Amino acid sequence: MTSTHDADYLAFCNRYESLFSGLVSMGWTHAEVYTRVTTLFPDINREHFETAMASDRWVFTGRKEQTLNNVMMAAALWYAVAITYDLEADPEYAAVHLDTVILQDLPRLLDSLGSTPEDISDIMGKLGAALKYLAKHPYTELHEAEYDDLLENLPAPAARVSGGTLEWPPTRAVIENRVGDRSWSVALLKTGICPPDAADQGISLSASSLTDRTFRNALGEFLNYCVRYDRKPTVMLYGHWAESTTRHYKAPHLGAIRAKYGSWHTALQEGRALINDALNLSSSAALPVRSTTHTAPTDPLNIDDITAQGIGIVQPKKLSTEEEAQKAWDGLTQVMQQRLEELPWSLSLHLYYISPAVAETGDYTNYASVLRSPAGYFCELTSASEFTSIDVTITDEVLAAAGWENPLSNGRWTKNFLSVGEAAQDIIAAMRYGMGCTQPDYYQSDDPANMQALEANPSTGSIPMVPVTGEGYVSIDSF
């Protein structure tokens, strides 16, 4: 350096001493410091800045106390696929398709553990190659022995990763416990890899096994989950959600989604477009926050209308024991959940309680309605004043204790942003304890072709439910 250059560099270091010392004290890594400084100080002298970072005056080592998260463990499995199947690194695919959270978390970890930029690039390129391969070959398996062999014979870029008590890739036991609920197969399914026992479990991962409609409905439920719990719709969160036992394995596996759409990012974009198309097709401007705009029908339904729509009414049969009564309520809730799962976007499902008083007066006003939207299910109870010929008592204390929103000017109690299970349970409980609908029934669906016809023309049609036993009646219909 010339004396002038030396003087300029010294002045540069003095100028940014406080900044660089602060970055060191906060434990940011070399790569994070570069990003932060060049973003917030775009006019900084890049030559002096890079010289300062390469000097011993400030050492950016990162925080050593960080722990492995699920994304890092998923990356270890994808890396194992690339090594096991001898795949060449594909940095271009990684740059285009990898989730933002992967590109944020893993390079930071590797950087903090001393990996060079070249090693980080190689590892990330291997992840890109693995995910591209899995999209084309969804039944690609990864056996426990193959992962253990990887750890025994790590390639040089991964072998140089070490952080004392923190190691990457982690052991198989750590992945099984943290990602797979102590199961290797579950860990693979959550990360979009085919488990070795897929055939025995009857798992389908091919692109043809997943229809747009199935994915649209599943994505709507997943996005509803993300809204309620303030989570980002990342690939690892979907994998965990889809394989959760509370989902009863009804959601499409991540591997099937990747096979159909090529990547999670692409699937998320196309899934949102499918949801928007469904909403536009319905020609409905209704949103789940529209509680003040809902109006009751001008003319109440009569028994002939309900019969014509395929809703059958049977003579009541007394339930002899409390156990049988609870079984009836459980059955009704299950049927309700099934109907809500089948309900097309932006349509409402209406519930009627056909008691002897209702049948005698012919006042077939619906007791409640449930609207399905991408944000979840919106439940609304009809106010007592809307029933013209029968007396309906709303027990405000019960509804308030159950979390229902106080009625607005139209006198309707509401609940919003519910999952399908919550909507089924809450609406039945509200009718039972808050509106006097105390007699349960069991139901079964009629020909599912009616559902297909409704989706083809969502502005008309109905989904009849047929009560098969009980005392009093709860009829379910949708419009």
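Brief remarks on what is shown
- For the pair D197 and A7, a Förster radius of 56 Å applied to the C-beta separation gives a FRET efficiency near 0.20, rounded to the nearest 0.05.
- Summed side-chain charge close to W404 - residues other than W404 whose Cβ falls under 15 Å, Lys, Arg +1, Asp, Glu -1: -3
- With both labels modelled 7 Å from their Cα along Cα-to-Cβ, the V24 to E323 distance reads 7.4 nm.
- For S373, the residues whose amide H sits under 5 Å from its own are S346, F378, ignoring neighbours fewer than 5 places away on the same chain, with H placed 1.01 Å from N.
- Protection proxy ranking of 188-199, 137-148, 387-398, 232-243, by the mean of other Cβ atoms within 10 Å over each peptide's residues and highest first, is 188-199, 232-243, 137-148, 387-398.
- Solvent-accessible surface of region 385-440, taken per residue with a 1.4 Å probe and all protein chains present: 48 Å².
- Share of carbon and sulfur in the accessible heavy-atom surface of region 165-248 [1.4 Å probe, %]: 48
- For region 139-237, the relative contact order comes to 24 percent (Cα pairs under 8 Å, sequence separation of at least 6).
- Shown in residue order for region 120-134 are the 3J(HN,Hα) couplings computed by the Karplus curve 6.51 cos²θ - 1.76 cosθ + 1.60 at θ = phi - 60°: 4, 4, 5, 5, 5, x, 5, 4, x, 5, 5, 5, 5, 5, 5 Hz (x for Gly and Pro).
- For region 20-112, alpha-carbon Rg over 2.2 N^0.38 Å: 1.30
- Solvent-accessible area, 1.4 Å probe, carbon plus sulfur percent, for region 26-145: 53
- Cβ crowding within 10 Å averaged over residues, with 170-179, 251-260, 43-52 ranked highest first: 251-260, 170-179, 43-52
- Global form of region 321-379, assessed from the alpha-carbon gyration tensor, a/c cut-off 1.5: oblate
- The peptide list 325-333, 367-375, put in order of mean Cβ contacts within 10 Å with the highest first, becomes 367-375, 325-333.
- In terms of distances greater than 21 angstrom between alpha carbons, the cross-link table entries K132/K250; K136/K190; K232/K415 yield K132/K250; K232/K415.
The values are calculated or read from the model by the stated rules, or taken from the named source; none is laboratory data. Nothing here was measured: the structure is a model prediction, and the numbers come from that model. Cβ atoms come from the backbone with ideal geometry, glycine included; neighbour counts cover every protein chain shown. Please note that ligands, DNA and RNA were not included when accessible areas were found on the heavy atoms of the full protein model with its side chains. Shrake-Rupley method; radii C 1.70, N 1.55, O 1.52, S 1.80 Å.
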